[in-house]
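The structure appears right after this line, and notes come after that.
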Amino acid sequence: MPVFIINRLFQAFGVILVMSVLVFVGLYLIGDPTSMLVSPEATEIERQALRKALGLDQSIWVQYLTFLGNAAQGDFGRSFLTGQPALQLIIERMPATVELVIVAMTFSVLVGVPLGILAGLRPKAPSSKAIMTGSILGFSLPNFWIGLMLIMLFAVYLGVLPASARGETVNVGPVALSILTIDGWQHLALPALTLGLAKAALMIRVTRAATREVLPMDYIKFARAKGLRPSRILNVHLLKNILIPIITVAGLEFGQAIAFAVVTESVFSWPGMGKLLIDSIITLDRPVVVAYLIMMVFFLVILNLVVDILYMAIDPSAREKVRD
Amino acid sequence: MSTPTTVLPTTTVEEPPFRRFVVQFKENRLAMAGLILMILLAIPAFGAPWIAPQNPYDIGALDILDSQMPPGSVAEVSGITHWLGTDSQARDVLSAVLYGMRTSLLVAFLSVTVSLLIGATVGLCAAYFGGWLDALLMRIVDIQLSFPAILVALVMLSVLGQGLDKVIIALIIVQWAYFARTVRGTALVERNREYILAARCLSLGWRRIIARHLLPNCLPPLIVIATIDLANAIALEATLSFLGVGVPVTQPSLGMLIANGFEFMLSGQYWISFFPGIALALAIVGINLVGDHLRDILNPRNAL
């Protein structure tokens, strides 16, 4: 087990390093940011001075090494637009995104798992077929489309929920939260539903597959033969055993949801870090884009690692496989 | 004493696989509906230049007086009936949807075809040769698949810039890995079958074994993935164009049409976004219904 973790840590470190090269070299090719920063009347000398100040006159490898050294200390440079440190900009926007994703993922598990079990218990029933067809719609329709339809229904046609921004927030320490006010919940409802529906569709499919795999097992038959109440078989014997794939998928999907928040946040003008990324890509604010991507790579690699280790911890048969 | 001529009963003669496939496919009404939907959307989309009431790319033909008209109104200047209304630049929404669908389908079809070719080649080679080549290729695939498709595509487009060709390249980079992994999985099983061994014993070249023996037997899962991926490509392209980093303004796809109408939706002019949105959803749902059923009948575990 420790060997496995150390191995995975090395791999994770390698992936982060490779991705940092790719991200940096890739983004280096985007157009000259000085053309966005100086006024059109600026002289060539002024432009050169700015390039020098930003370090853009150095060779790409010198720039990369400087970048890597600074990044290791948490310094990703300053935003070309606002002059604030890029990392600080992202961290300021992070609570909004994390809050949105946690609410969306909670919704998807609370809706997806019961529906998935239902569909798995009676695969031939019309209700199960309806659930499965619904789940195809849920994860094949693009996220922004679902958001648009929800806005049309709830914000424009019914006029009951706001379609954009974050609403009233309450500060808990340095972090502003929407979930503590009614106004905040109203603003959170549509974006969280948009993000959550697609993930719920996925949870339905995972749960159904797991349920159908566990049901024919001997311990379920034995529990039935013992005359246990169906509710007890469901809540104890079944649920415990389908939990492993559900936790794994929910964990990995958490990372995906943070990435897909880019789309949801743009639709609902939710002031999270995904919206920041899109704005920065469009305005060629290179330090912010690079900082966001490196942060995401870091986060996703760590998340994968944690899910793998958790998986080892809760599934004894997976531990056996690694030992072999 | 039995006569030797009656030994072969004619009932065991097997149907050709393709006909059996067609019969199986027709059994599912939902999948047939999906297929018909796909055809009904594709024909007018590719025939758009001939059947659309107006050429939405021709700025000169547009009159700003006709802008933002609700569905069913008749234009005062040109006399065209705008069944689905007009947008803020007086474009006929129906024509824009037809042209937009054409762009969306074209991008999706091209990107899926190329990623299928790349992915299948990589997957087959990895499975056939194994060893370090397999380890290296699959490591790359694993790393790429651990990053969300939308982020990879966003990064690619922010590097490449805007344009129809750039979007297609970004989609290929996102998608090839799925094909590679699926093909490798199937090919690993097939590689150890007797017919591959027989081909090797005949000392056929590896190119021939891969292309003529291994590839045909890996086709069923490839077809399934390619079908479903077509829907994913349409959805991803629409998302990127909606975010403003996809196709250029001069060749709006469905996603960009939806983005253009978004600001007008909040003031009640729903039709500018709504109809492109419905067209997009129908295309994606139609393809998925077909793909889902294909998966059921082409899965070897379900075969007799």
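Each reported figure results from applying straightforward, stated rules to the coordinates on display, with no laboratory input. All values reported here derive from a predicted model rather than from experimental measurement. All Cβ positions, even for glycine, are placed from backbone atoms using ideal geometry, and neighbour counts span all protein chains on display.
Details
- Sparse-neighbourhood loop sites, trypsin sites (Lys or Arg not before Pro) in region A:223-253 - DSSP loop, at most 13 other Cβ within 10 angstrom: A:Lys226
- The alpha-carbon of A:Lys129 sits under 29 angstrom from the alpha-carbons of these lysines, leaving out residues fewer than 8 places away in its chain: A:Lys199, A:Lys221, A:Lys240, B:Lys26.
- Crossing angle, helix B:93-129 versus chain B [Cα axis fit, 0-90 degrees, rounded to tens]: 30 degrees
- Shielding value for B:255-268 is 2, the average number of Cβ atoms from other chains within 10 Å of each residue's Cβ.
- Positive contributions from Lys and Arg (+1) and negative ones from Asp and Glu (-1), summed over other residues with Cβ under 12 Å from the Cβ of B:His213, come out at +4.
- Under Karplus coefficients 6.51, -1.76 and 1.60, residue-wise ³J(HN,Hα) of region A:5-20 in Hz, glycine/proline x: 5, 5, 4, 5, 4, 4, 4, 4, 4, x, 4, 4, 5, 4, 5, 5
- Going by neighbour counts of Cβ atoms within 10 Å, the residues A:Val263, A:Val301, A:Val236 line up, fewest first, as A:Val236, A:Val301, A:Val263.
- Reported to the nearest whole Å, the Cα centre-to-centre distance from region A:107-142 to region B:176-226 is 34.
- Peptide A:134-140 has a mean shielding of 4, counted as Cβ atoms of other protein chains within 10 Å of each residue's Cβ.
- Set of lysines near B:Lys166 by C-alpha distance (under 28 Å), chain-local residues within fewer than 8 positions excluded: A:Lys275
- Rough spin-label spacing in nm, given labels placed 7 Å along Cα→Cβ, for A:Phe222 and B:Thr81: 7.3 nm
- Shielding by partners - mean other protein chain Cβ count within 10 Å, residues of B:284-296: 2
- The calculated FRET efficiency for the pair B:Arg139 and B:Arg208, based on their C-beta separation and a Förster distance of 22 Å, comes to about 0.20.
- Between helix B:164-191 and chain B: long-axis angle, C-alpha atoms, 0 to 90°, nearest 10: 20 degrees
- Note on B:Cys201, B:Cys218, B:Cys125: ascending count of other Cβ atoms within 10 Å places them as B:Cys201, B:Cys125, B:Cys218, the fewest first.
- C-alpha long axis of helix B:149-160 to longest principal axis of chain B, angle in °: 60 degrees
- Surrounding net charge for B:Arg29, when Lys and Arg each add one and Asp and Glu each subtract one, Cβ distance under 14 Å: -1
- Using the Cβ of B:Leu105 as centre and a radius below 15 Å, the other residues enclosed give a net charge of -1, where K and R count +1 and D and E count -1.
- Placing pseudo-labels 7 Å out from each Cα toward the beta carbon at A:Leu158 and A:Gln186 gives an inter-label distance of 1.4 nm.
- Cα gyration tensor category, rounded, prolate or oblate, for chain A with a/c compared to 1.5: oblate
- Put in line by how crowded their Cβ is, counting other Cβ atoms within 10 Å and starting with the fewest, B:Arg139, B:Arg295, B:Arg191, B:Arg91 read B:Arg139, B:Arg295, B:Arg191, B:Arg91.
- Ellipsoid fit via the Cα gyration tensor, chain B: semi-axes of 46, 26, 14 Å, each the root of five times an eigenvalue, largest first.
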